[in-house]
1. With an 8 Å cut-off on Cα pairs and a minimum separation of 6 or more residues, tell me the relative contact order of the chain in percent.
2. What is the sum of charges around LYS56, taking Lys and Arg as +1, Asp and Glu as -1, for the other residues whose C-beta is under 13 Å from the C-beta of LYS56?
3. Kindly express, to the nearest 10 degrees and within the range 0 to 90, the angle between helix 150-170's C-alpha long axis and the longest C-alpha principal axis of the chain.
4. If the only charges are +1 at each Lys and Arg Cβ and -1 at each Asp and Glu Cβ, what is the size of the charge dipole of the range 23-68 around the Cα centre, to the nearest 20 debye?
5. Would you kindly calculate the translational diffusion coefficient of the range 1-66, applying Stokes-Einstein with the Kirkwood radius from alpha carbon pairs, for 10 °C and a viscosity of 1.306 mPa s, and quote it in µm² s⁻¹ without decimals?
6. Where a Cα-Cα gap under 15 Å defines reach, which aspartates and glutamates qualify for LYS56, not counting those fewer than 8 residues away within the same chain?
7. Going through the cross-link list LYS25/LYS45; LYS73/LYS127; LYS22/LYS51; LYS21/LYS156, which pairs have a Cα-Cα distance over 18 Å in this structure?
8. Does the range 1-146 come out rounded, prolate or oblate by the C-alpha gyration tensor, with a ≥ b ≥ c the root eigenvalues, rounded set by a/c under 1.5 and, if not, prolate when a/b is larger than b/c and oblate if not?
Amino acid sequence: MNEKILLVTGASSDIGTNLIKKIYKDYDYIIAHHIGDDSKLQELKNEIGDKLILLKGNFLDEEDTYKFVEEIKNMNKIPTHIVHLPAGKFENIKFNKITWEKFQTDINIALRSLVIILNGIIPIMSKNKFGKIIVMLTSCTTNIPPKYLASYVTSKYALLGFVKAISAEYSDKGIRINGISPTMIETKFLENIPELIVKQNAMNSTTGENLKIEDVIPMFEFLLSDKSNSITGQNIAITNGNLI
């Protein structure tokens, strides 16, 4: 294995951009997936240089997702490490107001995209006997979930099942796949959640506040590093000091 190449899907998110800032020096190349506004990533590219490769892909479009994988292969930059962050819009909706299309959208963004990406990449990882994959889940998968998030929670449980299945199938191939399940993090992802709910969640924490991005990044760093070589198939909760 000559080059360390990190693929970050959903890289334009707050978690994605902050993670890249923190760890870019550890990689020869970072492929940063985005779908629309890539202004933050462009700023990062100006700072980091050519080792940051911006690659657009619409994961709502199945054909475009396959095209995204082919573009990676054509660049001859096969990832050795993957961080998968995409998720559907996070918003409170009563179940009887949610259509099947909303469930399908959340599943396509989160799960179908990862299935298609790994279908193309994991055979190469397997041949090389190495791969580190981290999937962003949620603390909803470790405890009783809050109300009015049915499609979001369902997509995350589907991802958790995928993590478990793939880790079992590829553990003897040197591939390590794990999930990270944080409680509520103060990011733009919460912009469609009522402020009262965000504040109540903070009040229910032992620290009196929600998680910050810097509380979560170290776990990504650890799972991407060689220090985590003995860990796979886990759903690691980051609970801001709360017992779950």
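1. Result for the chain is 19 percent.
2. Local net charge: -4.
3. Once rounded, one gets 40 degrees.
4. Using only the charged Cβ atoms, the result is roughly 180 debye.
5. 131 µm²/s
6. Qualifying aspartates and glutamates at Cα under 15 Å: ASP37, ASP38, ASP64, GLU70, GLU71.
7. From the list (LYS25/LYS45; LYS73/LYS127; LYS22/LYS51; LYS21/LYS156), the Cα-Cα distance tops 18 Å for LYS21/LYS156.
8. prolate
Throughout, read-outs are computed from the coordinates displayed, never taken from laboratory work. All values derive from a computational prediction rather than experimental measurement. As a convention, Cβ positions derive from the backbone with ideal geometry for all residues, glycine included, and neighbour counts pool all protein chains shown.
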